[in-house]
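Where a number appears in this text, it was derived from the coordinates with a stated rule and is not lab data. Being a predicted model, the structure only gives us computed values, none of them experimental. Cβ coordinates were reconstructed from backbone atoms using ideal geometry, including for glycine residues, and neighbour counts include every protein chain displayed.
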């Protein structure tokens, strides 16, 4: 495994280059803060692939300094240890060259050599209303109106002359929909995990993607990151082609040209789920092929796909030692642990969480969401309570989804055939996840 230490050359407040063994990665951002975050992310991905912290040497003209960037994104000073001057507690420096994660908030970093971001000039006070005054004079958003039940019927019959408030159930649905639709500061990656087959990972990936895609208006991708062959492409609606992540990887250089690349060109590689407004990127489906997606390939794919999708949901394989599996966890903004209400799949999920903590992903585990899926119409209530009790203590939230006969046959999912209860449960799960993005 390559553990060469990267050198980062700061070219300006919005541009840098990461050099590793002759490989040059250009990092561009709209602001100094965004550039800092992207530098950390670029080095973190390499650290996650190597499975060890990397020391980044930053160069700005004649000035140089070093930072240790860990696979989980923590940033520390080299050789920082209790009693070392660099380990003394200090408030995070807002002008630090790189953002300080919570895990390294006690580490004082050197002042940033980057030029300060220009501030907006103060408006000239003429005593006359400005555009801000005009925008601020807009009326407050209208209250929610009922659309279902007898309340919705009354509103429809009276053509809005009588407009009751939504029922408690409808108000709950509206609030959860707004949670899913909340604005994000950039692309977000959600990784669905359980090293046991049959744990409901692929189904969960597709149903979450359908919920996000439908409510957010697209820009959602479900990606099968199995190192060999997964079933996400089989469970999705059919497409006019059979290209996979391996094909996209081979043609990836054509997407690095901003003038030539576009979301429309990805149609040749992804499988559009028109009714649910999301895309699927399948894993390799050729039984005779020897190609696999490793960590480096995952990082390259993820970097490009994040330019085109706001939400990326990753269905993982069963081998938590595979390099692309680890790379996906490292890239995750949110982990989702999935288990059916069974002893074996739940034990596999619990073992996974213990292993992730040992690999240095403890914070991501603490912030993870657990989904417990009923394997039958009547799951064992005592087992449900026991699993919910355990996972609520080791992850940030637990949400349950019901059994649905429409999902039993293992074929392409017909989203229209799902029961109202199933839709509502997956909306709740998506809302819980979205609130943490």
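Before moving on, here are some points about what is shown:
- In terms of the mean number of neighbouring beta-carbon atoms within 10 Å, the peptides 178-189, 47-58 order highest first as 47-58, 178-189.
- For the pair residue 63 and residue 420, the difference between a 0.36 nm per residue extended length and the Cα-Cα distance amounts to 122.4 nm.
- Panel order for 298, 255, 403, by other beta carbons found within 10 Å of each beta carbon, from fewest to most: 403, 255, 298.
- Average projection, convex hull of the Cα set of segment 234-380: 11.0 square nanometres.
- Alpha-carbon gyration tensor eigenvalues x 5, square-rooted, for segment 275-345, Å: 21, 18, 15
- Backbone N under 16 Å from the residue 367 label point (7 Å along Cα→Cβ), restricted to segment 37-61: 37-38, 40-42, 44-45
- Computed from the C-beta positions of residue 254 and residue 294, the FRET efficiency with R₀ = 25 Å rounds to 0.75.
- Dimensionless Rg/Rh of segment 177-434 - Kirkwood Rh, Rg from C-alpha atoms: 0.94
- A simple spin-label model places the labels of residue 158 and residue 358 6.5 nm from each other, with each point 7 Å out along Cα-to-Cβ.
- Ranked by how many other Cβ atoms sit within 10 Å of their own Cβ, fewest first, the residues 9, 269 fall in the order 9, 269.
- Neighbour counts of C-beta atoms inside 10 Å place 132, 279, 267 in the sequence 132, 267, 279, starting with the fewest.
- Rg to Rh, two decimals, where segment 327-367 supplies the alpha carbon set and Rh follows Kirkwood: 0.98
- Residue 321/residue 344 FRET efficiency (R0 22 Å; Cβ-Cβ; nearest 0.05): 0.65
- Label-point separation, residue 184 to residue 307 (7 Å along Cα→Cβ), nm: 1.8 nm
- The packing ranking, built from the mean of other Cβ atoms within 10 Å per residue, places the peptides 308-316, 64-72, 364-372 in the order 308-316, 364-372, 64-72, highest first.
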